[in-house]
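The values are calculated or read from the model by the stated rules, or taken from the named source; none is laboratory data. This structure is a prediction, so every number in the text was calculated from the model and none was measured. Using ideal geometry, Cβ is built from the backbone for each residue, glycine included, and neighbour counts are taken over all protein chains shown.
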Amino acid sequence: MKDSNFLKEHNAKSLWHPMAHPGDSLANPPAIITSAQGVKITDIDGHEVVDAVGGLWNVNLGFSCQPVKDAIAAQLDVLPYYSTFRGTTNDQVIQLAEELRKFFAPDGLTRAFFTSGGSDSVESALRLARQYHKIRGEEGRTKFLSLKKGYHGTHMGGASVNGNANFRTQYEPLLPGCFHIPAPYTYRNPFNETDPERLARLCLQALEDEIAFQGAGTIAAFIMEPVLGAGGVIPPHASFMPGVREICSRNGILLIADEVIAAFGRTGSWSGSRHWGVQPDMMATAKAITNGYFPFGAVMIADHMTETFEKDTSGKAAIGHGYTYSGHPVGAAAALACLQETLRLNVTENAAARGTQIHQGLLALQQKYELIGDVRGGHGLMCALELVSDRTTKAAVDKKTIGKLQEAAYDAGAMVRVSGPNIILSPPLVLSEAEASTILSALDAGFAAVS
Ligand SMILES: Cc1ncc(COP(=O)(O)O)c(C=O)c1O
């Protein structure tokens, strides 16, 4: 192991960081995290803080989840890799699929297609949606609809349904045939509507309008996050996702729930779709499926879709898609242990309670600091603050202020995530009451430093 001087001197020198400007990473080298315990991370200087980011929305059970670590180590000894492409499988992935089938039964999802992460899961779901319609003789259904502000990963398909210019502009042209409707985002929307229920109705009308314009028979699927995550934690009104479900069903359009963040408890329910009382046609999962310890994901597929694929005799249902690491035995072993531990700890309860605590704490901070334009949360452990330099004009706060705030919060005991004008909180679901308070007091110190 090289010493800390070497690491600091070479930080960001020979690698480009995802979601960062390479020049900025050189000018402001990233924090070097060297260890973690429980819900806390420690940097190269020995500074320990509560990780309010939860890795990257994925370390739901914290950094000391021994059963997952043991499962990975044991599996590496027995079978470190084998392919699940046609003709071979492994013992772990068979068991995992059975467990996932039980876990997602209330969502109506009974088959798994395994992937190496969230972007892979999204890509797989988009492709399977087109294939589903082709098998059924509706070849014209190829388009995708999605929400502005949505985040669906970085593959070309996922980026094409993404609803944030930051992840699109430099990579255009993206996939043709992808169209976006306004998000149920009360703080800023084209309807100037602040009432969540009325806004949900307007967005649903926009969806109907877009379907009528495109022609329902040209649309394969609508993809949405149950609570918009990376776009700034935007929970819709409770009527929104059920409304989307109804419109999709009425128009023969598949509904893909992108639950790369939401699945496995983050919203305070076992899935985001269940949170809103909706059964999607497919669900993209990843992240917390292995507690972030192994890159892995699964697309879950609705029972009603299975006959179309499994009983096909035309050959069109052969899946010409998959990853070398689909169904990786080490990932599957990690996921099996993780699922068992997630259920044993019943993390939804704590996610809901700590989520409420943090959301209430953020609302109190808004009373104190003018910089906080909007507070969003109230659905488990995903919250955001949108910062503005002026509450009346809602002009975004400058990058320097938000950077300074983040640094002060870090010094005061919490790692928080900055994304554009938003501070995003997505801590592990095993967070204690005292640790949630630490996040709030660290943020308080952060705001005090820039106010
Ligand atoms: C909703 C959603 N979908 C897809 C992805 C992409 O997942 P990954 O980064 O594992 O490819 C993410 C990542 O944050 C996500 O939040």
Here's a check for you: in the range 147-164, which residue that is over 21 Å from residue 326 (Cβ atoms) and in contact with a His (Cβ under 6 Å, 6 or more places away or on another chain) is farthest from the ligand (Cβ to nearest atom)? 148
Going by the structure shown, is residue 378 surrounded by fewer than 23 Cβ atoms within 10 Å (Cβ to Cβ), farther than 20 Å from residue 391 by Cβ and touching a strand residue (DSSP E or B) at 6+ places or on another chain (Cβ under 9 Å)? no
Could you please tell me which pairs satisfy a Cβ distance under 7 Å, a separation of 6+ or placement on different chains, a first residue in the range 290-315 that is outside the structural domain of residue 93 (by TED's automatic domain parsing) and hydroxyl-bearing (Ser, Thr, Tyr), and a second residue that is more than 16 Å from the ligand (Cβ to nearest atom) and part of a loop (DSSP other than H, G, I, E, B)? none
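So which of 107, 43, 51 ends up being in contact with a Pro (Cβ under 9 Å, 6 or more places away or on another chain) and either closer than 18 Å to residue 290 by Cα or in the same structural domain as residue 422 (by TED's automatic domain parsing) (or both)?
51
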Do we have residue 299 as closer than 17 Å to residue 127 by Cβ, assigned to a strand (DSSP E or B) and within 16 Å of the ligand (Cβ to nearest atom) here? yes
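Quick one: which residue in 188, 198 is of a type in the set (Lys, Arg) and not in a loop (DSSP other than H, G, I, E, B)?
On the way: 188 fails: not in a loop (DSSP other than H, G, I, E, B).
Result of the check over 188, 198: 198.
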So residue 343 passes all but one of these: (1) buried (at least 17 other Cβ atoms within 10 Å of the Cβ); (2) within 24 Å of residue 115 (Cβ to Cβ); (3) of a type in the set (A, V, I, L, M, F, W, C). Which condition number does it fail? (1)
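How many residues, within the range 266-296, are assigned to a strand (DSSP E or B) and in contact with an Asp or Glu (Cβ under 9 Å, 6 or more places away or on another chain)? Talk me through it step by step, then tell me what you get.
Residues of the range 266-296 that are assigned to a strand (DSSP E or B), as a first pass: 282-285.
Still in the list and also in contact with an Asp or Glu (Cβ under 9 Å, 6 or more places away or on another chain): 283-285.
Within the range 266-296, residues that are assigned to a strand (DSSP E or B) and in contact with an Asp or Glu (Cβ under 9 Å, 6 or more places away or on another chain) number 3.
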If residue 193 meets every condition in (1) in a loop (DSSP other than H, G, I, E, B); (2) in contact (Cβ under 8 Å) with a residue 24 or more places away in the chain; (3) farther than 29 Å from residue 56 by Cβ apart from one, which number is that one? (2)
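Given the criterion crowded, with 20+ Cβ neighbours inside 10 Å, out of contact with any strand residue (DSSP E or B) (no Cβ under 8 Å at 6 or more places or on another chain), among the small types (Gly, Ala, Ser) and in contact (Cβ under 8 Å) with a residue 60 or more places away in the chain, identify the matching residue among 140, 158, 153, 163.
On the way: 140 fails: crowded, with 20+ Cβ neighbours inside 10 Å; 158 fails: in contact (Cβ under 8 Å) with a residue 60 or more places away in the chain; 163 fails: out of contact with any strand residue (DSSP E or B) (no Cβ under 8 Å at 6 or more places or on another chain).
None of the others qualify; the one that does is 153.
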Listed residues 263, 221, 238; which is part of a loop (DSSP other than H, G, I, E, B) and in contact with a Phe, Trp or Tyr (Cβ under 7 Å, 6 or more places away or on another chain)? 238
Would you check which residues across the range 107-146 are within 11 Å of the ligand (Cβ to nearest atom) and of a type in the set (A, V, I, L, M, F, W, C) and list them? 122, 125
How many residues, within the range 1-18, are at pLDDT 95 or above and either assigned to a loop (DSSP other than H, G, I, E, B) or under 29 Å from the mean Cα position of the chain (by Cα) (or both)? 8
Would a scan of the range 177-186 turn up a residue that is on the phi > 0 side of the Ramachandran plot and either within 16 Å of the ligand (Cβ to nearest atom) or assigned by TED's automatic domain parsing to the domain that holds residue 254 (or both)? yes
